[in-house]
Structure formats: structure tokens, C-alpha cells
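FYI, it's all coordinate maths here, none of it is from the lab. All values reported here derive from a predicted model rather than from experimental measurement. All Cβ positions, even for glycine, are placed from backbone atoms using ideal geometry, and neighbour counts span all protein chains on display.
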Ligand code: HBI
Ligand code: FE
């Protein structure tokens, strides 16, 4: 199976200075729209009772129904009215500096391509389903929308301090794979989980992964994997707490982290708030490739 690479080191032809491209919604084929519908319907079977209320409210507010690939012009009219955010089309994974610059300006870069039918279950690069179905509904929540702007600004600062790896872990364990504590129990807020039929169930119900209370420096030290289910999920107490910790000055945080080792993906520390000490049964079956 060829791996369509949508990872670019320099702007491919047709890209603007900021790496954006026209979505060209009219160019999507019926097969591409059908792929969106298949993915959407599959997700909606598992997300009731599993996705956090803020995500489900965003999905409804944007009217991201299963009719096909959303037209960003229509999507942005709704999204910008709610939190001032807009989605911009990019060819795929863009360099971190470009990504942070967009987030800091309330623009979410979404790959305009969609996975092929033989990639329904997994692809490593963010396609339009991962980015728009996974990430954009949470941007309707004012607190999370502000968190993402602060994250973008933090990324711009971290780039200058050489602390991108720690900040990428914060993104990974919150924006991509975060779980949220709610009065009804644990719910999914991470885009990487909410856009995956299998991980939506695994993250909440499997005995395999650790589930640990979110703590900023703990998360920033913890390695992650990009090729299989996570071996640890961090549980965020509330979106306002997530925003609060991101509003602080990270310089002292980076200073403390500078002389601390990165933590193994399945580590459990004495100070951890352990909600589940996983048996790592899933990971034992998979080839380890922690980052
Ligand atoms: N580019 N299009 C796109 N989407 C992402 O989610 C993305 C990216 N570039 C960098 C990136 N994410 C990660 O490095 C984050 O951890 C910042
Ligand atoms: Fe993502």
C-alpha cells in the first residue's frame, strides 16, 4: 500500500505564504464525499455517551451532518460567529512554526485531502476528517477556543526557547488524546480519539492504558506514540483548568523541565493521581515505538 505523504518540508505548488490553499470544495469527488459519510456515520455510532458535551454541542452547532465533506465557507460562517475561529485549508502536515502562527490568529489549519477507502481505519497524517470532524467542534467552546490561541502563542514562544518537544506533548495529551472529567464520568475531548472508532472505546473502557490526572509538567515530560493507541491518557479536570494552566508563564516550567528526564510512555510516578493502573495488555501485542 503506497503511503500518500502529506508531510511537507516546503510549501508545495499552489500554497500561499502561510501554507494555505483554496479548499476548492467543488473539486471533491463523489467517492471522497462518500468516504466522509462513511467515517461520520461510523463515529456517530460510538460517540453518544463517550464524547464530552462540549464536543457534541459543537458538532450540532456546526451542523456537521453526514452529508459529505463540509464546505469551509459555510462552516466558517457558523464557527466564526461562535468563537471567532475559522478553518483554513492546507495541503497536510505543516511545519510547527506555521501551525502555531495560525493557531495564535484563531485559524485552524485543516488538511484538505481525505483518506482513501483502504485507509479508513488508520492514517498517520491529519486528513480533513481528522482535522474537521476531530478538532473543529471543540473550537466552538469559548474556553477551549481560548486555550488553543494560548497554545499557539505558547508555541511561538517555545520555538524561540527550543522547548517544542515539551509543548508538542502538551498538545498531544490534551488536544489530540485528552480525556475530560465530567459529572457523568470520563468523556473524550481529544481529536485523535474522537475521530477514531476503535480508540473512542479503548480510551474510556480498556483495562490496558494508564489513566492519570492531568498535571502540566508531568504531561510535558511524558513520551507518546504516533502509531498505535496511547498507553496513557491524561484526565483533564475541566476546560477552564486547562486554560488556566496555559495562561501561566512557561519559562519557569521549562527551567524545571530542562534537567528532568523524559518519562517512558507507561511510567507511573509516586505523585500521580492514578485513575487506572493499566495492564498494558494492548501495548504488549504491538511493537513498541514510543516517542
Ligand atoms: N499541521 N496541518 C497540521 N495539523 C496538525 O495537527 C499539526 C500540524 N503541524 C504540527 C503539529 N500538528 C504538531 O507538531 C503539534 O504538536 C503542534
Ligand atoms: Fe490533530
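Between residue 18 and residue 48, the modelled labels are 3.9 nm apart [label points 7 Å from Cα along Cα→Cβ]. Mean residue ellipticity, 222 nm, helices only, the chain: the sum of -39500 (n - 2.57) across DSSP H runs of n ≥ 4, divided by residue count and rounded to 500, is -11500 deg cm²/dmol. Rounded to the nearest 5, the antiparallel percentage of DSSP beta bridges internal to region 137-236 is 40%.
Model label points for residue 105 and residue 272, set 7 angstrom from Cα along the Cα-to-Cβ axis, are 4.0 nm apart. Compared with the rule-of-thumb size 2.2 N^0.38 Å for a compact globular protein, region 25-285 has a Cα radius of gyration ratio of 0.97. Modelled spin labels at residue 285 and residue 161, positioned 7 Å past Cα toward Cβ, are 4.1 nm from each other. Ordering 242-252, 6-16 by mean Cβ neighbour count within 10 Å, with the highest value first, yields 242-252, 6-16.
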